[in-house]
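S.K.: Let me begin by handing over the structure; questions about it come next.
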Amino acid sequence: MSECVLRTRDLRKEFGKGDALVRAVVEVSLEVAAAETVAIMGPSGCGKSTLLHLLGGLERPSGGSIEVAGSAVDRLGERALAKLRRTAIGFVFQAFHLIDELTARENVELPALLAGRSPRVARRRATELLERVGLADRASFRPAALSGGQRQRVAVARALSNEPLVVLADEPTGNLDSAATLEVLRLFDSLRATGQTLVIVTHDSRIAATADRLISMRDGAFVDETRLTGGTRGSLGALAGLEG
Amino acid sequence: MGRLLLVGRLAVRDIRHRPAETALALLAIGAVAAVLTLGLILHGVTANPYQATRTATKGPDLVAQGPDASQVAGVTRLAGVTASSGPFASTAASLSTARYTGTAMVQGRTGTEAAVDQPSVTAGAWVRPGGVVLERAFATSLGVGVGDRITLNYKHFTVAGLAVSTAWPPYPELCETGCMIGGPELSAPAANAPDLNGRPGVIWATESDVRSISSYFGLNYVVNVTLKDPAQAAAIVNGPARIQANLTDWEDISTADALLVTDEQTVLQVGTFLIVLLALASVALLAGGRMIEQTRRVGLLKAAGGTPDLVAGLLLAEHLAIALAAAGAGLLAGWLIAPVLSSPGAGLIGTPSAPSLTLGVVGLVLAAALGVALLATLVPAIRAARTSTVSALAATSSSGARRRKRLIALSTRLPVPLLIGLRLAARRPRRSLLTMASTAVTTTSVTAVLVFHSTASLSYVSQQGIANPIIQRDSEALFAVAALLIVLAVVNAVFTGWVTAVDARRSSALTQALGATPRQLLQAQAAAQGIAALPGVIAGVPLGIALFGAASHAHTISLPSAGLLALAALGILTAVAALAVVPARAVARGSISGVLQAELA
């Protein structure tokens, strides 16, 4: 077993009080090993996104513990959380969340600059990443001039900017058409191949099929877990049913 | 370095991406900087022209006057007197020109140059039999020039020339230092004496001409002296009486000279205060509006590891950069406009000291501009820093839930536009408060202008229609400040309308999807603004009257008619409501489904 980069124990998240109490995440325990890809699936409102926000320190848990690279995320202050997000975590959102006024390269540079890297280093890293996601020729384009798939690839490149221990992706293909979904699936597959740790929340069984492990959630709790050891590599397109 | 680059890059791109908003913020803060610059560099601007005129006219350090020539001449025997002129006979006279009747103090002079107080002729020639010289500011107000005919106590004279002097304050402040016209010191006027109306001005004539018109009001005598130490003049005036005469020192005359710009400065000071209030509201609305637009960006920056400080710093940096640019523009504008407002008037010669931008002035203006930006941006910046990352990424609003049950119950009985408008206004109580404050400031300034004109017109009547340069200058300054305030208020109203429309875009789209018409939504925006502005308008009218009373020190305030005040208040309220429709119409252009789909993204 590889080193564990992310661990939760009896994680809980509740919203509201009394009659309005909503248990979004219920006693979730999870371990994610380095270089592992974990897909979390479940119906809308089952608590997938909330779990991802808890893992990334965007939400505070109501109970239980979270560790990322040995740091107890649930006990960190705002500044320490921000530092953790800069150095150890990369986010990919369903809605891309690119900054409209910045070019693709400048969007990818953003986390590196936030981490205090020099502008030269940030630029070099952004250029490398855009080449890696196949968008070197779109580096100076603004988001409005990019297709949905291209925007999501820029967002993935941005998530990788500071070489995070784990990339947390929230419905990364949720806003994309079939062709764009395939682009992103290929990109995630290449990330997995390079040993990037990934936690992907998705509705899409095709993207879940690319994972090492598939966890099903319902009503805030894990209800099933399946290990998909290497079944998808090399036959992604056919499996996903997007080619031909 | 990297973070600085990021903050700078985002701030610059954001400014470039929103030129209209940037221009409006520049206008709001620039107005503060310009008016403050004007107020600061106008201080003491009359000192230079007064000194120049004093030198050119051999201005006196002490002026003595009284009905007994030998008593008045006693001033020349005081210790420290180095030179003197007089006694000059003078009398009060009723003046008639082709257009006006007024009052003059006519002083007798000889053709030879006086050792002290030799008025400097600026047009025409010095006195001659039948030819009189008018003090220039007085002549300007009367609209007479060299060669014109006037009558003094029914006797005809020709205007031989115009001159300035520092022995008396220029029109209309002649009696500010004690002119002894119509006072108890003069002998009782003759039974057939003409009426003396309005503020007097100085006229110089030959001694014989003065005596020829003195039968109605008698003679008075004036002696001017210079002192070895002019600084002792005030001590002599205020010390124990050593001679039977009224004494005036040069500092009193200088102060009376400065009255020409004193009111102007008061107007600018009060105006600066009001403009600062409005600018604060403008920038706060702008910053708040940007926050609404940038909610997701805040979420993204936080998700990518940006600290709350960085998020707040970004918003602050943007507005502080705008404030710096606005301060520069305001300093330049104030410096360019200052010479116009600092003109010493026709009563003095020379030009005011070139308005100089000292380090102190630059520092104060910069501090004020940055202070306005900081104060107005601080709350939105702190709110941005504290926003939950998840809420920001979802761009959801929490404060929309502040509507109260009672309000909802009340609004259900209202027509649709009022129903939505009332809920829109109640949704953001702080924004409604800013609208109310902005409207109150506007109404206050408009009311002050109306009261000023009403009071000034009363003064004009008592002046027999002769133009009063102080009132003219005050009117110009007040008009300029009020115009600037109204421009800022319009900007505020448009800002508020825009922010409200952007903020309510989703709920408006939903309301339309449920059957409301675009017209009803626009009317609702107007109603929301009108509801928030109403208390401001109601408070602004008495505040404007009180402000005028406090700032003008006027003995008598003439209020405009209640109808005019009500019309002005109604006009302001209508304008504020109507101005909300312009940005609302622009924001409403997007398709309903587009807005509702964006909510899902």
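S.K.: Among the residues of the range A:171-188, is there at least one that is in the same structural domain as A:Cys46 (by TED's automatic domain parsing) and at pLDDT 90 or above?
M.R.: Within the range A:171-188, none of the residues are in the same structural domain as A:Cys46 (by TED's automatic domain parsing) and at pLDDT 90 or above.
S.K.: Those residues that are outside any helix (DSSP H, G or I) and more than 9 Å from chain B (Cβ to nearest Cβ), I need them from the range A:94-109; list them, please.
M.R.: First, pick out the residues of the range A:94-109 that are outside any helix (DSSP H, G or I): A:94-103.
A:Thr103, the sole residue that qualifies.
S.K.: Taking A:Ala80, is it over 12 Å from the mean Cα position of the chain (by Cα), surrounded by fewer than 19 Cβ atoms within 10 Å (Cβ to Cβ), more than 8 Å from every other protein chain (Cβ to nearest Cβ) and closer than 23 Å to B:Thr307 by Cβ? Show your work before the answer.
M.R.: Working: over 12 Å from the mean Cα position of the chain (by Cα): yes; surrounded by fewer than 19 Cβ atoms within 10 Å (Cβ to Cβ): yes; more than 8 Å from every other protein chain (Cβ to nearest Cβ): yes; closer than 23 Å to B:Thr307 by Cβ: yes.
Against the criterion (over 12 Å from the mean Cα position of the chain (by Cα), surrounded by fewer than 19 Cβ atoms within 10 Å (Cβ to Cβ), more than 8 Å from every other protein chain (Cβ to nearest Cβ) and closer than 23 Å to B:Thr307 by Cβ), A:Ala80 qualifies.
S.K.: Considering each residue of the range A:34-72, count those that are under 15 Å from the mean Cα position of the chain (by Cα) and not acidic (Asp, Glu), and give that number.
M.R.: Matching residues across the range A:34-72 total 19.
S.K.: May I pose another question? Since A:Arg60 meets every condition but one in (1) among the basic types (Lys, Arg); (2) assigned to a loop (DSSP other than H, G, I, E, B); (3) more than 8 Å from chain B (Cβ to nearest Cβ); (4) farther than 19 Å from B:Gly299 by Cβ, which condition does it not meet?
M.R.: Single failed check for A:Arg60: (4).
S.K.: Out of curiosity, is B:Ser90 closer than 21 Å to B:Asp252 by Cβ and outside any loop (DSSP other than H, G, I, E, B)?
M.R.: Working: closer than 21 Å to B:Asp252 by Cβ: yes; outside any loop (DSSP other than H, G, I, E, B): yes.
Answer is yes for this residue.
S.K.: Determine whether the range A:77-92 contains at least one residue that is closer than 25 Å to B:Arg386 by Cβ and part of a loop (DSSP other than H, G, I, E, B).
M.R.: As a first pass, look at the range A:77-92 and keep what is closer than 25 Å to B:Arg386 by Cβ: A:77-91.
Subset that is part of a loop (DSSP other than H, G, I, E, B): A:77, A:88.
Looking through the range A:77-92, at least one residue is closer than 25 Å to B:Arg386 by Cβ and part of a loop (DSSP other than H, G, I, E, B).
S.K.: Pick out the one residue from B:Val223, B:Val202 that is modelled with pLDDT of 85 or more, part of a strand (DSSP E or B) and in the same structural domain as B:Arg128 (by TED's automatic domain parsing).
M.R.: On the way: B:Val202 fails: modelled with pLDDT of 85 or more.
That would be B:Val223, the only listed residue that is modelled with pLDDT of 85 or more, part of a strand (DSSP E or B) and in the same structural domain as B:Arg128 (by TED's automatic domain parsing).
S.K.: Consider only pairs whose beta carbons are under 8 Å apart and that are at least six residues apart or on different chains; among these, list those whose first residue lies in the range A:145-159 and is outside any helix (DSSP H, G or I) and whose second residue is among the aromatic types (Phe, Trp, Tyr).
M.R.: Filtered contacts from the range A:145-159: no entries.
S.K.: Picking from A:Gly70, A:Gly64, which residue would you name as being among the small types (Gly, Ala, Ser) and in contact with an Asp or Glu (Cβ under 6 Å, 6 or more places away or on another chain)? Before you say what the answer is, go through the steps one by one.
M.R.: On the way: A:Gly70 fails: in contact with an Asp or Glu (Cβ under 6 Å, 6 or more places away or on another chain).
Going through A:Gly70, A:Gly64 in turn, just one is among the small types (Gly, Ala, Ser) and in contact with an Asp or Glu (Cβ under 6 Å, 6 or more places away or on another chain): A:Gly64.
S.K.: Which of (1) under 26 Å from A:Arg158 (Cα atoms); (2) surrounded by fewer than 17 Cβ atoms within 10 Å (Cβ to Cβ) does A:Gly90 not meet, given it meets every other one?
M.R.: Going through the list (1) under 26 Å from A:Arg158 (Cα atoms); (2) surrounded by fewer than 17 Cβ atoms within 10 Å (Cβ to Cβ), A:Gly90 breaks only (2).
S.K.: Tally the residues that are at pLDDT below 80 and farther than 30 Å from B:Leu268 by Cβ, restricting the search to the range B:15-31.
M.R.: So the count comes out to 2.
S.K.: Which is among the β-branched types (Val, Ile, Thr) and within 30 Å of B:Gln244 (Cβ to Cβ), of B:Val133, B:Val144? If you could, list the steps in order and put the result at the bottom.
M.R.: Working: B:Val144 fails: within 30 Å of B:Gln244 (Cβ to Cβ).
Exactly one residue qualifies, and that residue is B:Val133.
S.K.: Need at least 1 residues that are among the basic types (Lys, Arg) per element, so show me which strands (runs of 3 or more DSSP E) inside the range A:1-41 make the cut, counting only ones lying wholly within it. Can you show your working first?
M.R.: Details: elements: A:4-15, A:22-33, A:37-41.
Where strands (runs of 3 or more DSSP E) fall fully within the range A:1-41 and carry at least 1 residues being among the basic types (Lys, Arg), they are A:4-15, A:22-33.
S.K.: Out of the residues in the range A:117-135 that are facing chain B (nearest Cβ under 7 Å) and assigned to a helix (DSSP H, G or I), state the one that is nearest to the chain's Cα centre (by Cα). Step through it out loud before you land on a result.
M.R.: So in the range A:117-135, the residues facing chain B (nearest Cβ under 7 Å) come out as A:117-119, A:122.
The next check asks that each one be assigned to a helix (DSSP H, G or I); those that pass are A:119, A:122.
Values: A:Pro119: 25, A:Ala122: 21 Å.
For the range A:117-135, the residue satisfying everything is A:Ala122.
S.K.: Given the conditions (1) at the interface with chain B (Cβ under 8 Å from one of its Cβ atoms); (2) touching a residue at least 24 places away in the same chain (Cβ under 8 Å); (3) surrounded by fewer than 22 Cβ atoms within 10 Å (Cβ to Cβ), which single one is not true for A:Leu114?
M.R.: Evaluating A:Leu114 over (1) at the interface with chain B (Cβ under 8 Å from one of its Cβ atoms); (2) touching a residue at least 24 places away in the same chain (Cβ under 8 Å); (3) surrounded by fewer than 22 Cβ atoms within 10 Å (Cβ to Cβ) leaves (3) as the failure.
To keep it simple, each residue is scored yes or no on (1) buried (at least 18 other Cβ atoms within 10 Å of the Cβ); (2) more than 11 Å from every other protein chain (Cβ to nearest Cβ); (3) in contact with a Ser or Thr (Cβ under 8 Å, 6 or more places away or on another chain).
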residue: A:Leu21; (1), (2), (3): no, yes, no
residue: A:Glu36; (1), (2), (3): yes, yes, yes
residue: A:Cys46; (1), (2), (3): yes, yes, no
residue: A:Ser49; (1), (2), (3): yes, no, no
residue: A:Gly64; (1), (2), (3): yes, yes, yes
residue: A:Ala69; (1), (2), (3): yes, yes, no
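S.K.: With polar (S, T, N, Q) and more than 26 Å from A:Ala179 (Cβ to Cβ) as the only criterion, which of A:Thr127, A:Thr87, A:Thr103 stands out? Steps first, answer last, please.
M.R.: Numbers: A:Thr127 fails: more than 26 Å from A:Ala179 (Cβ to Cβ); A:Thr103 fails: more than 26 Å from A:Ala179 (Cβ to Cβ).
Exactly one residue qualifies, and that residue is A:Thr87.
S.K.: Looking at the range B:276-296, can you tell me whether even one residue there is outside any helix (DSSP H, G or I), within 11 Å of chain A (Cβ to nearest Cβ) and modelled with pLDDT of 80 or more?
M.R.: Quick first cut of the range B:276-296, residues outside any helix (DSSP H, G or I) only: B:294.
So of that shortlist, the ones also within 11 Å of chain A (Cβ to nearest Cβ) come out as B:294.
Now restrict to residues that are modelled with pLDDT of 80 or more: none.
No, the range B:276-296 has no match at all.
S.K.: Report yes if B:Val541 is at pLDDT 80 or above and either assigned to a helix (DSSP H, G or I) or assigned by TED's automatic domain parsing to the domain that holds B:Ser282 (or both), otherwise no. Even if it seems obvious, please write down each step before you answer.
M.R.: Details: at pLDDT 80 or above: yes; either assigned to a helix (DSSP H, G or I) or assigned by TED's automatic domain parsing to the domain that holds B:Ser282 (or both): yes.
It is true that B:Val541 is at pLDDT 80 or above and either assigned to a helix (DSSP H, G or I) or assigned by TED's automatic domain parsing to the domain that holds B:Ser282 (or both).
S.K.: Here's another thing I want to ask about it. Hey, among B:Thr177, B:Thr151, which residue is at pLDDT 80 or above and assigned by TED's automatic domain parsing to the domain that holds B:Val121?
M.R.: B:Thr151
The values are calculated or read from the model by the stated rules, or taken from the named source; none is laboratory data. As the structure is a computational prediction, the values presented were derived from the model and not from experiment. Here the Cβ is made from the backbone with ideal geometry for all residues, glycine too, and neighbour counts use every protein chain on show.
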